[in-house]
1. Take the residues in the stretch 190-201 that are assigned to a loop (DSSP other than H, G, I, E, B) and either touching a Pro at 6+ places or on another chain (Cβ under 9 Å) or modelled with pLDDT of 90 or more (or both); name whichever of them is surrounded by the most Cβ atoms within 10 Å (Cβ to Cβ).
2. Quick check, is ARG137 over 24 Å from the mean Cα position of the chain (by Cα) and at pLDDT 80 or above?
3. Condition check: surrounded by fewer than 21 Cβ atoms within 10 Å (Cβ to Cβ), within 22 Å of THR28 (Cβ to Cβ) and without any contact (Cβ under 8 Å) to a residue 12 or more places away in the chain. Does ARG204 satisfy that?
4. When you check THR33 against the structure, is it touching a residue at least 60 places away in the same chain (Cβ under 8 Å), open to solvent by less than 70 Å² (accessible area, probe 1.4 Å) and either within 20 Å of GLY201 (Cβ to Cβ) or β-branched (Val, Ile, Thr) (or both), yes or no?
5. Can you find a residue that is open to solvent by less than 60 Å² (accessible area, probe 1.4 Å), modelled with pLDDT under 80 and acidic (Asp, Glu) anywhere in the stretch 72-80?
6. For the stretch 156-175, check the following and say yes or no: at least one residue is at pLDDT 50 or above, more than 18 Å from THR252 (Cα to Cα), in contact with a Gly (Cβ under 9 Å, 6 or more places away or on another chain) and part of a helix (DSSP H, G or I).
Amino acid sequence: MSGTSYFQNALSNFVTDAACGGAVRHLTDSGYTLDQIVGRLDYPASRAKVQRIMMAYLYESRVLLRDEPSEALFAPQEQFVQEQDAYGRRTMRKVSVDYKSQNSLTYVPELTKLSRLEKEPQTQEFSWKELRYNPRRDGKLTELLYQKCEKYGETFSYVSCSFGRNTVDPYSQCEGMGPSREDETDRMCIVSEEKMSCLNGRQREYLQGIRWEQPVMYHRLNRRMLEIISKLYEAGAYGGACFFVAGREKLTIPAR
């Protein structure tokens, strides 16, 4: 890309963000899918540019993670904020931002357990308490996940997602697949269009609107994702893991 093209593209993105970035972020917070957001905007922004803004916000608000969740992800961070007094004078002030207070997507139960963990001296490496879902022992997956989100807080609960094309799910194995590496595609556990038929239109639209950039990504286990994962699991289309950071629990969900 030439210098002129790069500048023009950057300027175009800046103009789009200034014109409708706030609306895109607000509608994302409100649970709208990408296509719904594009349809509700007054500004004529392309789907690709709206998706870029939406994806940046999903990462910024930590609804979507590229790396496996951990306590360090939610540690308070220092940043500068701009303030303006009654006379219009602007100053910069350094503040410590606690991520727990930044998320307002959905109601989050009391988070005192994670607060205590953050205050404890970090004398040992973070480690997960490994659990494995067993339907006979644990009951319905939907109810189990709901109970854990209630207990540990939705903000600190995530589910692994291998929804992109040509991706391998490291948390489960495709039954009947041998160890041969001749055709990697044969071993890939991906959500096919046929298996996605168990989802309603809005759920499919939501997944298709996200740009799954890595083989495995992590989405906050909010009510929408809880319902999606539970439906896919019941249809034999999901195997993965859930992470409850406040309880240091990692729940592996074997594919059916």
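The values are calculated or read from the model by the stated rules, or taken from the named source; none is laboratory data. All values derive from a computational prediction rather than experimental measurement. Glycine gets a Cβ as well: all are built from the backbone with ideal geometry, and neighbour counts include every protein chain shown. Only protein heavy atoms, including side chains, enter the accessible area calculation; ligands, DNA and RNA are left aside. Shrake-Rupley method; radii C 1.70, N 1.55, O 1.52, S 1.80 Å.
1. Within the stretch 190-201, the first condition is being assigned to a loop (DSSP other than H, G, I, E, B), and the residues that meet it are 190-194, 199-200.
Add one more test, that the residue is either touching a Pro at 6+ places or on another chain (Cβ under 9 Å) or modelled with pLDDT of 90 or more (or both), and what stays is 199-200.
Working: LEU199: 19, ASN200: 12.
Among those that are assigned to a loop (DSSP other than H, G, I, E, B) and either touching a Pro at 6+ places or on another chain (Cβ under 9 Å) or modelled with pLDDT of 90 or more (or both), it is LEU199.
2. Details: over 24 Å from the mean Cα position of the chain (by Cα): yes; at pLDDT 80 or above: yes.
Spelling it out, ARG137 is indeed over 24 Å from the mean Cα position of the chain (by Cα) and at pLDDT 80 or above.
3. Values: surrounded by fewer than 21 Cβ atoms within 10 Å (Cβ to Cβ): yes; within 22 Å of THR28 (Cβ to Cβ): yes; without any contact (Cβ under 8 Å) to a residue 12 or more places away in the chain: yes.
Considered against the rule, which asks whether it is surrounded by fewer than 21 Cβ atoms within 10 Å (Cβ to Cβ), within 22 Å of THR28 (Cβ to Cβ) and without any contact (Cβ under 8 Å) to a residue 12 or more places away in the chain, ARG204 comes out as yes.
4. Working: touching a residue at least 60 places away in the same chain (Cβ under 8 Å): yes; open to solvent by less than 70 Å² (accessible area, probe 1.4 Å): yes; either within 20 Å of GLY201 (Cβ to Cβ) or β-branched (Val, Ile, Thr) (or both): yes.
Against the criterion (touching a residue at least 60 places away in the same chain (Cβ under 8 Å), open to solvent by less than 70 Å² (accessible area, probe 1.4 Å) and either within 20 Å of GLY201 (Cβ to Cβ) or β-branched (Val, Ile, Thr) (or both)), THR33 qualifies.
5. No: the stretch 72-80 contains no residue that is open to solvent by less than 60 Å² (accessible area, probe 1.4 Å), modelled with pLDDT under 80 and acidic (Asp, Glu).
6. Checking the stretch 156-175: not a single residue is at pLDDT 50 or above, more than 18 Å from THR252 (Cα to Cα), in contact with a Gly (Cβ under 9 Å, 6 or more places away or on another chain) and part of a helix (DSSP H, G or I).
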